[in-house]
Each structure stands twice: as structure tokens, then as C-alpha cells.
Amino acid sequence: MISDRELIDLAIEARKAAYTPYSNFKVGAALLSGNGEVYKGCNIENAAYTPTNCAERTAFFKAVSEGVTDFEAIAIVGGYDKEGLKFCPPCGVCRQVMMEFCKSDKFRVLLLDEKGKIKSYLLKELLPFGFGPKNL
């Protein structure tokens with residue numbers, strides 16, 4: 001089993017591939033699947049803004065495109081190169097994607113606080129009234 005620190009380190013590694021020519025705010029994510037595989041993602045900006053994709057969704061879409069839909073946790077790190085890592089919770093769209101594939105009372109979201117300490121949240125804490133497949 002992979003540790004929280006190892007998952008954070010993989011997110012830091014994934015952040016290096018971020019394509020951010022407009023904001024320069026780089027985000028990396030490492031998504032732990034139920035089978036122990038880790039899928040990394042980075043944010044990918046676009047001049048038209050709307051087609052921009054977050055690191056979290058990049059990781060999810062990579063996994064789902066390979067047939068994986070069971071997930072345990074995701075580590076997310078972000079920040080400007082000159083300022084270092086910042087507290088970087090997932091946006092609302094990414095939280096909704098997580099809600100589609102994850103059990104909100106079990107899926108963990110790992111973030112670094114401003115001092116570099118790992119904080120762990122359940123998805124239901126970040127999206128308390130989330131809409132998922134069970135709502136249909």
C-alpha cells in the first residue's frame with residue numbers, strides 16, 4: 001500500500017509536466033485506484049480558457065480511459081514556481097467528477113497546507129450535498 005507522503009510526492013512529480021503558459025500556476029495530482037495503481041495528472045491550459053483541464057480531471061480521465069473506475073484517494077499540489085506549493089483544494093468541477101466515481105464517505109483528498117503538512121479530507125466534507133449516480 002502506498003503512503004500518503006508517497007502519493008503527495010507523486011503529485012509533486014506530476015506537477016512538473018503542467019502546461020501553464022497563461023497563469024503559471026502549476027498543479028499536479030496523483031490518483032490512487034482500488035487496485036493500487038496510481039494515475040498522475042497535471043493541469044493543461046488553453047488560450048481559449050474553457051478547454052483548460054485541471055490536474056485532477058486529467059488523472060481521472062486517464063484512469064477511466066483505461067477501464068479503471070474504483071478509487072481510494074487523490075493527492076493534489078499546486079502553486080507558482082517562484083512561490084512554492086500552496087494549499088490547493090480541487091475546484092467544483094473536479095469535485096463533481098470525483099462524485100461520479102468515488103464513494104464520498106470513503107474517498108480521501110490529500111492536500112498540503114501552507115506549512116507543507118498533509119491534510120486529509122473525505123470527499124463528502126468537500127462536497128457535502130454532492131450529486132452522484134445514486135441521485136438519479
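The values are calculated or read from the model by the stated rules, or taken from the named source; none is laboratory data. None of these values were measured; they are calculated from a predicted model. Cβ atoms come from the backbone with ideal geometry, glycine included; neighbour counts cover every protein chain shown.
Data overview
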read-out	value
Unmet requirement for Ala73, which otherwise passes all of (1) in a loop (DSSP other than H, G, I, E, B); (2) of a type in the set (Gly, Ala, Ser); (3) under 25 Å from Lys115 (Cβ atoms); (4) touching a strand residue (DSSP E or B) at 6+ places or on another chain (Cβ under 7 Å)	(1)
So Phe25, is it under 17 Å from Leu7 (Cα atoms) and either surrounded by 12 or more Cβ atoms within 10 Å (Cβ to Cβ) or touching a residue at least 60 places away in the same chain (Cβ under 8 Å) (or both)	no
The listed residue being of a type in the set (S, T, N, Q) and at positive phi, out of Asn53, Asn43, Asn35, Asn24	Asn24
Filter result (assigned to a helix (DSSP H, G or I) and within 14 Å of the chain's Cα centre (by Cα)) within region 1-41	Asp4, Leu7, Ile8, Asp9, Leu10, Ala11, Ile12, Glu13, Ala14, Arg15
Residue list for region 90-136, filter: assigned to a loop (DSSP other than H, G, I, E, B), among the aliphatic types (A, V, I, L, M) and more than 19 Å from Asp70 (Cα to Cα)	Leu136
Residues located in region 81-108, provided they are at pLDDT 95 or above, among the acidic types (Asp, Glu) and out of contact with any strand residue (DSSP E or B) (no Cβ under 9 Å at 6 or more places or on another chain)	Glu100
Residue among Ala11, Ala17, Ala29 that alone is over 10 Å from Thr58 (Cβ atoms) and among the small types (Gly, Ala, Ser)	Ala11
Qualifying residue in region 112-135 (condition: surrounded by 12 or more Cβ atoms within 10 Å (Cβ to Cβ), farther than 20 Å from Ser23 by Cα, hydrophobic (A, V, I, L, M, F, W, C) and out of contact with any helix residue (DSSP H, G or I) (no Cβ under 9 Å at 6 or more places or on another chain))	yes
Among the candidates Glu56, Glu45, residue that is surrounded by 15 or more Cβ atoms within 10 Å (Cβ to Cβ), without any contact (Cβ under 8 Å) to a residue 40 or more places away in the chain and touching a Pro at 6+ places or on another chain (Cβ under 7 Å)	Glu45
